[in-house]
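Derivation of every value follows stated rules applied to the coordinates shown; laboratory data play no part. Since the structure is predicted, the reported quantities are computational estimates derived from the model, not experimental observations. Neighbour counts are summed over all protein chains in view; Cβ atoms, including those assigned to glycine, are modelled from backbone coordinates with ideal geometry.
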Amino acid sequence: MTNEVEEMDGDDDNEEDPFGFPIQETDINVQMKNIHPSVLPNFKGMRSEDPETFLFEFEIICRSYGYSLHIQKLNLFPATLKDRALRWFMTLGTNSIRTWDDMKRVFLEKYKDYCMHHDLRNEVFKMNQKEDESLEDLVERFAYNIKRSKLHNLGSEALKTLLLNAIKDEWIDLLNLVGKGDVY
């Protein structure tokens, strides 16, 4: 009877599954709340995507739904992968991922340099304040781009010059007036 159930279930330990599930199963039984798929962020593995921002957004969703345990995050993570990223995940070895830290490490090793990295530094050096962008929004975007581009170790004078070059002239005039002098 047991063999019949296993055959019906499709779990035959004698056959090698070419796409065995990469996440090792554990004996830990955790409560998983239902999260509507439209709420989850998706990562497709495209060059235009930022894997670190994606992981941060994933962490926000996990915290919002009470997924504080690493095993919960590990179980939910594959549902966020689509297209190219899902195909990559399928090629990971069976049971090769044991922890959430393993999953994050392997994911970032694959996508951190592949996605977004190529133009981040140029983006910082070519930044300009957008037409309807407030000074506060520009500074926030500047700080975000500096952090992403790993240029945070630049000297304070270089960072100041980069930021001031990004600010529109009319704002520079206002800053000079308020600061009672030359902001440069």
*asked:* For segment 117-178, what does the relative contact order come out to in percent, with C-alpha contacts under 8 Å and a separation of six or more?
replied: 44 percent
*Tabulate in residue order the Karplus-calculated ³J(HN,Hα) for segment 37-45, using 6.51 cos²θ - 1.76 cosθ + 1.60 with θ = phi - 60°, rounded to whole Hz; enter x for Gly and Pro.*
x, 5, 7, 6, x, 10, 10, 9, x
*Using modelled backbone amide H atoms (1.01 Å from N, in-plane), which distant-in-sequence or interchain residues come within less than 5 Å of E49's amide H?*
M116
*Is segment 18-111 rounded, prolate or oblate when judged by the Cα gyration tensor, a ≥ b ≥ c being the square roots of its eigenvalues, rounded requiring a/c under 1.5 and prolate requiring a/b larger than b/c?*
oblate
*Lys/Arg +1, Asp/Glu -1 at C-beta; segment 49-112 dipole; positive extreme among M90, L69, W100*: M90
*For a footprinting-style exposure proxy, rank F142, F56 by other Cβ within 10 Å, fewest first.*
F56, F142
_Apply the Karplus curve 6.51 cos²θ - 1.76 cosθ + 1.60, θ = phi - 60°, to the phi angles in segment 75-89 and return the couplings in whole Hz, x for Gly and Pro._
5, 7, 3, x, 5, 8, 8, 9, 6, 4, 5, 5, 5, 4, 4
_Environment charge at E136 (Cβ cut-off 14 Å; Lys +1, Arg +1, Asp -1, Glu -1)_ = -1
